[in-house]
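Structure first, then comments.
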């Protein structure tokens, strides 16, 4: 799977007083835009269990490999935390789904 993600940030800085204590209205604005190319592939295995013909429980587990390349930088990203947008590495997946059987 491939996905292209855009991150757009804006920063406002207000300096209301200069070094002498005089009031000034000096507003600084910066913005940045980064594009992430995200590649992901993996495997998910699971089973479905019927309980007393009333409901089902689906159990799934697996994982995948996620690689992120930022435009303008060389190679894939390294040393990021799992919830980060620019994380590259092994991503675990698991789920439990409970469903009601309706007759």
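The numbers here are math on the coordinates, done by the rules we state, and not lab data. The structure displayed is predicted, hence computed values, not measured ones. Note that each Cβ is placed from the backbone with ideal geometry, even for glycine, and that neighbours are counted across all protein chains shown.
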Contour minus Cα-Cα span, residue 25 to residue 1, at 0.36 nm per residue, comes to 3.8 nm
Relative contact order as a percentage, region 1-48, C-alpha pairs under 8 Å and 6+ apart, gives 47
Given labels modelled 7 Å from the Cα in the Cβ direction, how far is it in nm from residue 55 to residue 98?
-> 0.4
Can you give the FRET efficiency for residue 84 and residue 14, using 1/(1 + (r/R0)^6), R0 = 35 Å, r = Cβ-Cβ distance, to the nearest 0.05?
-> 0.75
